[in-house]
Amino acid sequence: MKLPCPLCGSRALEEFTYLGDASVTRPDPETETLDDWYAFVYLRDNPCGRMHELWQHSGGCRAWIVVERDTLTHEVFGSELARDRNTRERAA
Amino acid sequence: MRYSIFSLARQALSGHRNWQPAWRDPEPKPGYDAIIVGGGGHGLATAYYLAKEHGITNVAVLEKGYLGGGNVGRNTTIVRSNYMLPGNVRFYEKSLQLWENLSQDLNFNVMFSQRGVLNLAHSDAQVDAFARRGNSMRLHGVDAELLTPEQIAREVPALDLANARFPVYGGLMQRRGGTARHDAVAWGFARAADGLGVDIIQNCEVTGFRREGGRITGVETTRGTINAPKIGLAVAGHTSRLAEMAGLRLPIESHLLQAFVSEGVKPMLDHVVTFAAGHFYISQSDKGGLVFGSSLDGYNSYSARGNLPAVEHCVEALMSLMPSAGRLRLLRHWGGVMDMTMDGSPIIDKTPIEGLYLNGGWCYGGFKATPGSGWCFAHTIAQDRPHYLNSALSLDRFRHGEVLDEERSGPVPNLH
Ligand SMILES: Cc1cc2nc3c(=O)[nH]c(=O)nc-3n(C[C@H](O)[C@H](O)[C@H](O)COP(=O)(O)OP(=O)(O)OC[C@H]3O[C@@H](n4cnc5c(N)ncnc54)[C@H](O)[C@@H]3O)c2cc1C
Ligand SMILES: [Zn+2]
């Protein structure tokens, strides 16, 4: 499997480190409850199919990126810098 | 038909033409007292112990594919109970004790071989950690022995103990651990459960749940609706998918693990050996092939097809530990979908939904748990409460901070 880094282009899997599901969000400190933390730390959708996930190009430019990938076929659809995705989602 | 030397002799006299199928192939009935989803080792063992220990024989096991096509037929067959945390040790030790008499109990040879499981240590700190684990095991009545490099060299001559990067400082041996024939475990439980009246229904995929006022009343399947007041899930890598159908989110991710077998050679490795430096484990099958595996591929996956970096890592570990294996050719390699939990320990419990029970989160280690898991899950379903032996393997332990993290690697499934 190869992953597309927005800065370095298509690179081999070994250059990347996996963090996991990019859709989980850290609880808002203004309104947080223990249940929010439980869900953030432990619960996952674990989808079979398309998934957004956080990877770090640790053996390359060290950027954190969000990759969209199919967990059943291993097909990769694209990626963007995690920072860009975050800014976009905050704005929305 | 009971299998014995006499039945074998009788069948031999008639040219082996009169053997009966080992289990029936029944049509699903409209309803059962209990349904187990998943015809892997755990589902079949659960049905067997429901019938044998609790007298609940009106049971169906629903399997979407063929019996034994899941992880029960894909694993590296290591059986052991060398855990440290009390909540785990007592459960795995019960399972090991059931293994010790399983062939007699099932009247089916599962080829359980107590050849010993040896974990190698590569630093003083690791030797200390193993001594601590061994002491914890012995306090729980489990056998454990700390070996010196000299003892290891005598017992397992095929290993390179003086590897420049990862020299061996010692090892923890559990002599009662070993291997079993994985397919025979599925077949043996299936045949014994069938013999007690359990319907084993293959090619029957569960696609949804029927509920009434919050309570589970049955399942939708590709072969129609089947009703039951109690439904147990034992679907390993697909646990999150079934939970989602019931509206539950779980502390589980599905990951991919690969395994390998070499061509057959004469006996060169008498034990199961694990190489802690590379998270690598190896044994030699009764047919002579070296059976080995290593870590997960490392990212979420529902595919049983792995990637090459994990293959390379595994073969490197093999070459560091047993350089002589470099002359062998690989015969096959394959993958399976693992239900990895957030703390690396499994779940056998009730769920918040009345009538729905959960068995899952087996990570890499569910084969050894097969009899114990079935035994505890059957108790949980029949009595509607966990047994003491699986009381720590609860679903809400994550919410209450009572996680069972043997490796102390935190809520990161791909590190367990
Ligand atoms: C490569 C590899 C090596 C391993 N090595 C070891 C080892 O050395 N020691 C050890 O202890 N463990 C090991 N394991 C782990 C062990 O194999 C598993 O934890 C264990 O087999 C899981 O339980 P099971 O047998 O019930 O699972 P499975 O055999 O996977 O059974 C689950 C069944 O559920 C069925 N199913 C799924 N969805 C549905 C549905 N919707 N409807 C109906 N049926 C459904 C599946 O088809 C499957 O047959 C290994 C696993 C792998 C993949
Ligand atoms: Zn990069």
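For chain A, the longest piece that avoids every one of the GluC sites (Glu not before Pro) found in DSSP loops with at most 12 other C-beta atoms within 10 Å covers A:33-74. If you model region B:205-245 as an ellipsoid using its alpha carbon gyration tensor, with each semi-axis the square root of five times an eigenvalue, the axes come out at 17, 12, 9 Å, biggest first. Computed from the Kirkwood radius of its Cα pairs, the Stokes-Einstein diffusion coefficient for region B:42-195 at 4 °C and 1.567 mPa s stands at 74 µm²/s. Cross-link partners for B:LYS287 among the lysines, with Cα-Cα distance under 28 Å and sequence neighbours closer than 8 places in the same chain left out: B:LYS266, B:LYS368. Carbon-plus-sulfur accessible fraction, the protein assembly as shown (probe radius 1.4 Å, protein heavy atoms only): 51%. In chain B, the calculated helix contribution to ellipticity at 222 nm averages -9000 deg cm²/dmol per residue, counting -39,500 (n - 2.57) for every DSSP H run with n ≥ 4. Magnitude of the charge dipole for region A:2-91, about its Cα centre and with charges confined to Cβ atoms of Lys, Arg (+1) and Asp, Glu (-1), is about 420 debye.
Within the protein assembly as shown, DSSP assigns beta bridges of which about 80% are antiparallel (rounded to the nearest 5). Basic side chains Lys and Arg get +1 at the Cβ, acidic Asp and Glu get -1 at the Cβ, and with that the dipole of the protein assembly as shown about its Cα centre reaches some 1260 debye.
For region B:295-353, compute Rg over Rh where Rg is the Cα radius of gyration and Rh is the Kirkwood radius from the inverse mean 1/r over Cα pairs. Across region B:295-353, the Cα-based Rg/Rh ratio is 1.13. Averaged over residues, the count of other Cβ atoms within 10 Å places the peptides B:31-43, B:148-160, B:183-195 in the sequence B:31-43, B:183-195, B:148-160, highest first.
Computed extension length for B:ALA153-B:ARG305: 51.1 nm, one decimal, from 0.36 nm per residue of separation with the Cα-Cα distance subtracted.
Rounded to the nearest 500, the 222 nm mean residue ellipticity of chain A from helices alone is -6000 deg cm²/dmol, with -39,500 (n - 2.57) taken per DSSP H run of at least 4 residues. Excluding same-chain neighbours fewer than eight residues apart, the aspartates and glutamates reachable from B:LYS52 by a Cα-Cα span under 18 Å are B:ASP33, B:GLU100, B:ASP105, B:ASP194, B:ASP199, B:ASP384. Between B and A, buried accessible area from a 1.4 angstrom probe totals roughly 2300 Å², ignoring ligands, DNA and RNA.
Normalised by 2.2 N^0.38 Å, where N counts its residues, the alpha-carbon radius of gyration of region B:104-245 equals 1.61.
A simple charge model with +1 on the Cβ of Lys and Arg, -1 on the Cβ of Asp and Glu and nothing else charged puts the dipole of region B:267-404 at about 380 debye relative to its Cα centre. Comparing A:ALA22, A:ALA82, A:ALA12, which has the greatest mean-square fluctuation in the GNM of chain A with Cα pairs linked when under 10 Å apart? Among A:ALA22, A:ALA82, A:ALA12, the largest mean-square fluctuation in the Gaussian network model of chain A belongs to A:ALA12.
Per residue, the convex hull around the alpha carbon atoms of the protein assembly as shown comes to 173 Å³. Within region A:2-91, all pairs of alpha-carbon atoms sorted by distance into 10 Å bins from zero give the percentages 16, 43, 32, 9, 0. Contact with the other protein chains removes 10 Å² or more of accessible area, compared with the isolated chain and a 1.4 Å probe, from these residues of region B:275-319: B:GLY298, B:TYR299, B:ASN300, B:SER301, B:TYR302, B:SER303, B:ARG305, B:ASN307, B:PRO309, B:GLU312. If the chain linking B:SER7 and B:TRP334 were pulled fully straight, counting 0.36 nm for each residue of separation and taking away their Cα-Cα distance, it would gain 114.1 nm.
Each 20 Å bin, from zero up to the one with the longest distance, holds this percent of the alpha carbon pairs of chain B: 27, 57, 16, 0.
The values are calculated or read from the model by the stated rules, or taken from the named source; none is laboratory data. The shown structure was predicted, so the numbers you read here are calculated from the model rather than taken from an experiment. Neighbour counts run over all protein chains shown; Cβ positions are idealised from the backbone, glycine included. Heads up: the accessible areas ignore ligands, DNA and RNA and are worked out on the full protein's heavy atoms, side chains in. Shrake-Rupley method; radii C 1.70, N 1.55, O 1.52, S 1.80 Å.
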